[in-house]
Each structure stands twice: as structure tokens, then as C-alpha cells.
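Only one structure is covered here, and it is reproduced in the block below.
The values are calculated or read from the model by the stated rules, or taken from the named source; none is laboratory data. Please read these numbers as outputs of a predicted model, since none were measured by experiment. Here Cβ is always computed from backbone atoms with ideal geometry, including for glycine, and neighbour counts include all displayed protein chains.
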Amino acid sequence: MNRRAVVALRRQSLLTAALATLALGAPNRVDAMPGANSTVPWIISLVGSNGAAPASDFGGFTVTVRDLANNPVVGATVTIDLSFATDLEICADQLDPSVTVNCASKTVSAITDAAGQVSLTLLGGSNGAGNATTLANGGRIYANGTLIGSPTVAAFDLDGENGMGANDLAAFLSDFASGQNFGRSDYDGSGILGANDLAVFLRAFASGAQVVSCAASCP
């Protein structure tokens, strides 16, 4: 075999090895990047608690992270970012040891399981009647730093004090009367404040599951 043939054979061997390495490593690199195949909620509702557990029936949601090949991404960091929602607050203690709260950045993070999922119920509230500022799509959801969703964020504890009560109803009615479709009172995620949002609010109030506000809020 002449020298030129030997060089060509070596190049082919190196190329084959490189391609094999890329194929083996892909799930931990490019293919593991979150993509448009991820599933996120279009509405997240911040809830109160009964002192021991969040009201998951009114605020529970699941994020599923999938890569570009539609495979679940295990061990991805899912972050809910509320820094754009200036009229909303999250509780410093989420009553969930599996999540990490960063008060400085106004975020809550969790790690996806074997199905590429995290299931969360976020504790938080708002700042009372006449103080709403954020419209639809005020939240951000990231997976490993990649933006995968911009949900509307609502809150049942609209005054951030003493759980759900008359002041929260007054805040909801204030939002409704303003003519602005503030996200914090859009419980059905329709983009319009109306009778259905009031019905959801009243069901949440009647449940008695949100009698406690944040012990401490972020920021």
C-alpha cells in the first residue's frame, strides 16, 4: 500500500471514530438541550396554604422537558422566573424540600425526574387592590437556562395577608373594574377577566385550603 493510500485510510479511521464519539455523546450535549417539544402550562396560579401544605388543587402544574428528538431530559433544572411580574411575590419557604428559592432573582427551581418532569405548586401572593401592573404572559419558564414558556401568572392571595378573605375579593373586583386584563386575576388563563375567573376565585375561597399567607415573601 502506497503512502497516499495509508494517509487516506488513517483519515477515514479518524473520521469514523469522531462520528462515533459524537453519536455516543449527543444525549449529553446538543440533543439534551430543551426544545420546542417541551410542555409547559399557559397559566400558573400562586396559592396560599393551610399552614402545612400548598393548595395544590388550585395551583399544581407540571413542566415536561424534552430535547430536540422528543426525548425526556432527565436532571434538567427547571426555573420559574417571576422577576417580570412586579405585582407578585413568592414565598421564601415553598413548603417543598425539592425546590430551591432564590429571593434575589425571584425564582423557584427544581430538577426533572426520570420522565423529564417537575410538578410544582408555587406559594405566593400579590399586593392588594389598585396595585396590579402585570398583564398576560408575565412569567418565564427556563430549562437549563433555555426559555421554554411564558405563562400568565395569577394569585389567589391578592393582598398577601391573612390568607384568602374579603380584601382579596375587593382586589379582584378592583382589577375587573379597571378594564385591564391583569394576569394576577386571570385564573382561567383566557386573557380576559370575567365571570369564570370570579367563579374560580370563589371555589378556592370556599375550599378553606388557603388560610395562610407567606410567612416571609421574596423580596
Quiz prompt | Residues satisfying the stated conditions in segment 106-131, i.e. under 29 Å from SER178 (Cβ atoms) and without any contact (Cβ under 8 Å) to a residue 40 or more places away in the chain | solution = THR107, VAL108
Practice problem: Please work out which residue is nearest to the chain's Cα centre (by Cα), limiting yourself to segment 166-199 and to residues that are without any contact (Cβ under 8 Å) to a residue 12 or more places away in the chain and within 14 Å of THR134 (Cα to Cα). | Solution: ILE192
Self-check item: Test: residue in segment 185-199 that is touching a helix residue (DSSP H, G or I) at 6+ places or on another chain (Cβ under 7 Å) and closer than 14 Å to GLY124 by Cα
Solution: yes
Practice problem: Please tell me if ARG203 is surrounded by 16 or more Cβ atoms within 10 Å (Cβ to Cβ) and not in a loop (DSSP other than H, G, I, E, B). | Solution: no
Exercise. From SER213, SER217, grab the single residue that is of a type in the set (Ser, Thr, Tyr), touching a strand residue (DSSP E or B) at 6+ places or on another chain (Cβ under 9 Å) and at pLDDT below 95.
Key: SER217
Exercise. Those residues that are closer than 11 Å to SER213 by Cβ and either out of contact with any helix residue (DSSP H, G or I) (no Cβ under 7 Å at 6 or more places or on another chain) or free of Cβ contacts under 8 Å to residues at least 40 places away in the same chain (or both), I need them from segment 132-160; list them, please.
Key: LEU158, ASP159, GLY160
Quiz item: If you go through segment 154-173 one residue at a time, do you hit one that is assigned by TED's automatic domain parsing to the domain that holds LEU202, in a strand (DSSP E or B) and not acidic (Asp, Glu)?
Solution: yes
Practice problem: Search segment 174-190 for residues being among the charged types (D, E, K, R) and assigned to a helix (DSSP H, G or I), and hand back the single one that is nearest to PHE61 (Cα to Cα). | Solution: ARG184
Quiz prompt | Positions within segment 103-138 being part of a strand (DSSP E or B) and either of a type in the set (Ser, Thr, Tyr) or exposed (fewer than 14 other Cβ atoms within 10 Å of the Cβ) (or both), in sequence order | solution = THR107, SER109, ILE111, SER119, SER126
Quiz item: In segment 200-219, how many are more than 19 Å from THR121 (Cβ to Cβ) and touching a residue at least 40 places away in the same chain (Cβ under 8 Å)?
Solution: 1
Quiz item: Which of the residues belonging to segment 57-79 are exposed (fewer than 15 other Cβ atoms within 10 Å of the Cβ) and closer than 30 Å to PHE205 by Cβ?
Solution: ASP57, THR62
